[in-house]
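A.B. asks: The structure under discussion is supplied below as structure tokens; questions concerning it will follow.
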Amino acid sequence: QVQLVESGGGLVQPGGSLRLSCATSGSIFRFYSRAWYRQAPGKQRELVASISFGGSTVYADSVKGRFTISRDNAKNTVYLQMNSLKPEDTAVYYCNAVGAGYDLWGQGTQVTVTS
């Protein structure tokens, strides 16, 4: 019924910026949280940022001050603005949505930060 599709990943130099988008097919009327996770090869998947239904946000310490999670309710889209990117940010980024009766994941989008 509902799918999450990430886009906006790519290759960028250190210090550069990218904006990831997570488009929602169908509709999610109510959710507990929307979040971005990332996973590098050989590493555990980790929470990058989340936003609750009420709009409160949580960020990993490693991205505070650099990344911003936001929503466009009219477009049913969640964004992750990533600034001052570092090589350690290289990973596959996944969109997540959790609500009553669902726990959805996108397929992921690759972000590579290299000079």
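The values are calculated or read from the model by the stated rules, or taken from the named source; none is laboratory data. Worth saying up front: this structure is predicted, and the values here are computed from it rather than measured. The accessibility values were calculated without ligands, DNA or RNA, using every heavy atom of the protein model including side chains. Shrake-Rupley method; radii C 1.70, N 1.55, O 1.52, S 1.80 Å.
A.B. asks: Would you check the accessible area of Arg45, probe 1.4 Å, heavy atoms only, in square angstrom rounded to 10?
C.D. replies: Arg45 exposes around 90 Å² with every protein chain in place.
A.B. asks: I would also like to ask the following. Quick one: among Tyr59, Tyr37, Tyr102, which has the greatest mean-square fluctuation in a GNM of the chain with alpha-carbon springs under 10 angstrom?
C.D. replies: It is Tyr102.
A.B. asks: Setting aside same-chain residues fewer than 8 positions from Lys43, which lysines have a Cα under 27 Å from its Cα?
C.D. replies: The reachable lysines, counting only those whose Cα sits under 27 Å from Lys43, are Lys64, Lys86.
A.B. asks: Next question. Quick one: Karplus J couplings for segment 62-68, per residue in order, coefficients 6.51, -1.76, 1.60, θ = phi - 60°, nearest Hz, x for Gly and Pro?
C.D. replies: Result, rounded to whole Hz: 5, 10, 4, x, 10, 10, 9.
A.B. asks: Leaving ligands, DNA and RNA out of it, report the carbon-plus-sulfur percent of the accessible area of the chain at a 1.4 Å probe.
C.D. replies: Using a 1.4 Å probe with all protein chains present, the chain comes out at 48 percent carbon and sulfur.
A.B. asks: With every protein chain kept in place and ligands, DNA and RNA left out, what is the accessible area per residue of the chain? Probe 1.4 Å, answer in Å².
C.D. replies: 54 Å²
A.B. asks: Another question, if that's okay. On a C-alpha basis, how far is the centre of segment 86-100 from the centre of segment 1-22 in Å? Whole number, if you could?
C.D. replies: Centre-to-centre (Cα) distance: 9 Å.
A.B. asks: Quote the relative contact order of the chain in percent (integer), defining contacts as alpha-carbon pairs under 8 Å separated by 6+ residues.
C.D. replies: Dividing the mean separation by the residue count of the chain yields 37 percent.
A.B. asks: Return the whole-Å distance between the Cα centroid of segment 67-81 and the Cα centroid of segment 25-53.
C.D. replies: 12 Å
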